[in-house]
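The next block holds one structure in the form of structure tokens; read it before the comments.
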Amino acid sequence: MTYQTKNLRNVVLLGHPGSGKTSFAEAMLFEAKATTRRGTISDKSTISDFTNIEKERGNSIFSTLMHAKWKDSKINIIDTPGFDDFVGEVVSSLKVADTALMMLNARSGVEVGTELIWEYVERFNTPTTFVVNHLDNEKADFESTLEQAQERFGNRVIPVQ
Ligand SMILES: Nc1nc2c(ncn2[C@@H]2O[C@H](COP(=O)(O)OP(=O)(O)OP(=O)(O)O)[C@@H](O)[C@H]2O)c(=O)[nH]1
Ligand SMILES: [Mg+2]
């Protein structure tokens, strides 16, 4: 199938280690019916963390390109590693992405990884949506996470559900 440029979306997932990028990518692929089985980190069965070293360590090391069809569009999803050691993967992914999703852990709000990666987002001027994740955690605090994001990134941060 061929797609017009207007029907292509290149989305990069960014965020502090463990904020849930790989799991979120898995959920997106499942929702878009690109996969029939929703893998997990603990089962070492996610589409994104497919290399042996990622399965062993339980975190992403490489950027992974995946894709899903949504209505008439093809969405390219790039999952990036959160650990600063692998920031080169983030930079190269930002170069080809039109939009970024920055994952925030609702238990911890804006974290050091968020701040570090934000420097690159600003450098590339990438439009960004924050995604508040880990909302099922008993210590999750959506309001505080939103406040922290607004405090740090300005009042252009508005909540959308
Ligand atoms: N309870 C709960 N657990 C989550 C959620 N999102 C992710 N997790 C868990 O949090 C851990 C880290 O999730 P990952 O998806 O690997 O996070 P990541 O941002 O890709 O991590 P890095 O690749 O290291 O940057 C895993 O054990 C996930 O199962 C969530 O919304 N709720
Ligand atoms: Mg990951």
**Message:** With a 1.4 Å probe and all protein chains kept in place, how do HIS16, HIS134, HIS67 rank by accessible area, largest first?
**Reply:** HIS67, HIS134, HIS16
**Request:** At most 12 other Cβ atoms within 10 Å and a DSSP loop assignment: could you name the trypsin sites (Lys or Arg not before Pro) in the range 128-161 that fit?
**Result:** LYS139, ARG156
**Item:** For THR40, net neighbour charge (Lys/Arg +1, Asp/Glu -1) across residues whose Cβ lies under 11 Å away
**Value:** 0
**Fill in**
Regression test value, accessible area per residue of the chain, probe 1.4 Å, units Å², expected 60 Å²
**Request:** Could you tell me which trypsin sites (Lys or Arg not before Pro) in the range 42-104 are loop residues by DSSP with no more than 13 other beta carbons within 10 angstrom of their beta carbon?
**Result:** LYS71
**Complete:** Expected max-MSF residue from GLY20, GLY58, GLY109 in the GNM of the chain (alpha carbon, under 10 Å) is GLY58
**Request:** Would you tell me the accessible area of SER63, worked out with a 1.4 angstrom probe on the heavy atoms of the protein chains, in Å² to the nearest 10?
**Result:** 30 Å²
**Complete:** With Cα springs under 10 Å, the Gaussian network model of the chain assigns the largest mean-square fluctuation among ILE78, ILE53, ILE61 to ILE53
**Asked** If the convex hull of the alpha-carbon atoms of the range 1-142 is projected onto planes in all directions, what is the mean projected area in square nanometres?
**Response** 9.0 nm²
**Message:** With just the Cα atoms defining each centre, how far is the range 55-79 from the range 115-161? Give it in Å.
**Reply:** 21 Å
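The values are calculated or read from the model by the stated rules, or taken from the named source; none is laboratory data. Note that this is a predicted model, so its numbers are computed, not measured. Cβ: placed from backbone, ideal geometry, glycine included. Neighbour counts: every protein chain shown. Areas reflect the complete protein model, heavy atoms only, side chains present, ligands, DNA and RNA absent. Shrake-Rupley method; radii C 1.70, N 1.55, O 1.52, S 1.80 Å.
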